[in-house]
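The values are calculated or read from the model by the stated rules, or taken from the named source; none is laboratory data. All figures in this text were calculated on a predicted structure; none of them were measured in a lab. FYI the Cβ positions are ideal-geometry reconstructions off the backbone, even for glycines, and counts take in every protein chain you see. Ligands, DNA and RNA are stripped out before the accessible areas are found, and what is left, the full protein with its side chains, is counted by its heavy atoms. Shrake-Rupley method; radii C 1.70, N 1.55, O 1.52, S 1.80 Å.
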Amino acid sequence: MRTQVAIIGSGPAGLLLGQLLHKRGIDTVILENRTKDYVLARVRAGVLEQGTVDLLDAVGLGARMHREGLVHDGTELCFDGRRHRIDFRELTGKTVMVYGQTEVTRDLMDGRDAAGLTTVYGAEGVALHDVASERPRVTYMKNGVPQELVCDFIAGCDGFHGPSRQAIPSSVLKTYERVYPFGWLGVLSETPPVSDELIYANHERGFALCSMRSMTRSRYYIQCRLDEKESEWSDDRFWDELKRRLDDEAASTIVTGPSIEKSIAPLRSFVAEPMRHGKLFLAGDSAHIVPPTGAKGLNLAASDVHYLANALAEFYGEKSSAGIDAYSQTALARVWKSVRFSWWMTMLMHRFPDTQPFDYQMQVSELDYLVNSKAAMTVLAENYVGLPF
Ligand code: RFL
Ligand code: PHB
């Protein structure tokens, strides 16, 4: 098989890139090792920046998001037993869209199917070859039969554990990492959200987050230890612990119910540089990971593929390599700012194993300053709604 751009991975990065390139008349094939249903069942992100919303609109796939998504004008920070609102719209003129990653993925997959574009699910043993040459290739197995995809470029959109980043020689690749000493235990339930907006809570017992997927479906998280297992957390234990970390009003009004999904995610910050090697480009989680505290992961995948699609369009349209030569630097400038914001919010909101009473007072004092300073709230708000791209 031959294509212009071989995309590895059908997560949000790969699927959105496929649509952006299709709009510009550039041919793609996506290779995904999982099944379509497996990809659709992964419960992950929930908050889209305006820039991500704009990209879904630009590829003509925003209609359901505008119908079913929830526009949030602000968020709440809870500490010391009280909630404080940060008004994004007033502070920045912008809002965010609460719309699940599973729905974004479904809309993008439907768009790809409707356009008749090729996605190979269940592609096993995907391997990248000759990425620094004029003729890069990807090999894989489909139903036990060896296959080869010849292309002009490879887009590595295969997440943190995929093969693309490994195809960049270690002598070229520089990585930066921080692993946090805790995880998030997430629960999805068919219950109305406790509040109209998200609540990020700093509590002596650990962080908690009240999020949602719709007015009848809630997503809650609590900070947990890394050695804990989902099976140790019955629904009752989860709800009890969540309530203890919220303010009295939220704790007394929250509607609980059976969990329909429960999982623990570790938290890490990670950046790989450069994001391009020869004909291979990394985009999304294959190049960087942020802790979910700032809701940035999916949005960074979107800004990466926006830059990459523009660069490739410039290459095919104007025969200029300027865009692809600048891709890594352009994308990384935005990546690092989101890495910083996510790290800062994580440090501010979580309890660390070595947190002393002094450290906790420092967090509360910073939060108290934050919610009483328009300048500080604006800093949070403009990062949360997303820096321009
Ligand atoms: P993905 O989504 O991991 O997709 C990568 C795809 O590549 C496939 N793949 C392979 N394909 C072929 N061959 C191989 N060998 C392959 N290996 C892997 C995988 O099966 C998969 O389909 O990466 P992508 O596209 O870069 O998207 C990134 C986002 O998924 C991620 O950043 C977000 O989910 C992060 N995230 C959040 N981001 C936000 O912007 N807002 C949020 O509110 C938010 N909340 C979250 C999150 C992530 C979480 N977890 C579980 C990590 C909440 C959580 C709990
Ligand atoms: C979510 O709804 O899953 C979610 C929302 C905000 C975050 C992280 C996750 O910061």
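Descriptive notes on the structure:
- Positive-end extreme of charge dipole, the chain - chosen from 164, 297, 55 (charges on Cβ): 164
- Per the Cα gyration tensor, region 44-94 maps to an equivalent ellipsoid with semi-axes of 27, 12, 9 Å, ordered largest to smallest.
- With helices as the sole contributors, the chain gives -11500 deg cm²/dmol at 222 nm; each DSSP H run of n ≥ 4 counts as -39500 (n - 2.57), and the sum is divided by every residue.
- Cα convex hull of region 260-307 - mean projected area over all directions, nm²: 4.5
- Highest mean packing comes first when the peptides 169-179, 154-164, 258-268, 22-32 are listed by Cβ atoms within 10 Å, giving 154-164, 22-32, 258-268, 169-179.
- Across the cross-link table entries 94/296; 296/337; 23/296, which are compared at the Cα atoms, the separations over 21 Å belong to 23/296.
- Cα-based helix-to-principal-axis angle, 12-23 vs the chain, degrees rounded to 10: 50
- Ordering of 137-148, 186-197, 107-118 by packing [mean C-beta count within 10 Å, highest first]: 186-197, 107-118, 137-148
- Under 21 Å from residue 243, Cα to Cα: lysines that are on another chain or at least 8 residues apart: 229, 262
- Shape box of region 16-168 [Cα atoms, principal axes, largest first, Å]: 59, 35, 30
- For peptides 223-229, 297-303, 281-287, sequence by mean Cβ density within 10 Å, most packed first: 281-287, 297-303, 223-229
- Net dipole in debye of region 284-351 [+1 Lys, Arg Cβ; -1 Asp, Glu Cβ; about Cα centre; nearest 20]: 400
- Length added when fully stretched, residue 57-residue 232, from 0.36 nm per residue minus Cα-Cα: 58.8 nm
- Volume per residue of the C-alpha convex hull in the chain, rounded to whole Å³: 143
- Per residue, in Å², the accessible surface of region 1-42 once ligands and nucleic acids are set aside, probe 1.4 Å: 38
- Percent antiparallel among DSSP beta bridges (both partners in region 1-90, rounded to 5): 60
- log10 of Debye I(q)/I(0), alpha-carbon scatterers only, for region 278-363 at 0.18, 0.19, 0.20 Å⁻¹: -0.77, -0.82, -0.87
- Calculated FRET efficiency, residue 352 to residue 113, Cβ-Cβ distance, R0 = 51 Å: about 0.65 to the nearest 0.05.
- Positive-pole candidate from 138, 175, 363, dipole of the chain, charges at beta carbon: 138
- Between helix 235-244 and the chain there is an angle of about 60 degrees, using the helix long axis and the longest principal axis of the Cα atoms.
- C-alpha long axis of helix 322-349 to longest principal axis of the chain, angle in °: 20
- Accessible surface of the chain, 1.4 Å probe, proportion on carbon and sulfur as whole %: 50
- Taking a point 7 Å out from the Cα of residue 173 in the direction of its Cβ, the residues of region 285-305 whose backbone N falls within less than 14 Å of it are 285-289.
- Total formal charge among the other residues, if their Cβ is under 12 angstrom from that of residue 126, Lys/Arg +1 and Asp/Glu -1: -1
- Reachable lysines, given that their alpha-carbon falls under 23 Å from the alpha-carbon of residue 142 and they are not under 8 places away in the same chain: 36
- Charging the Cβ of each Asp and Glu at -1 and of each Lys and Arg at +1, and nothing else, the dipole of the chain about its Cα centre rounds to 660 debye.
- Here the Karplus curve 6.51 cos²θ - 1.76 cosθ + 1.60, taken at θ = phi - 60°, turns the phi angles of region 352-366 into couplings of 8, x, 9, 5, 8, x, 4, 5, 4, 4, 5, 5, 5, 5, 5 Hz, with x standing for Gly and Pro.
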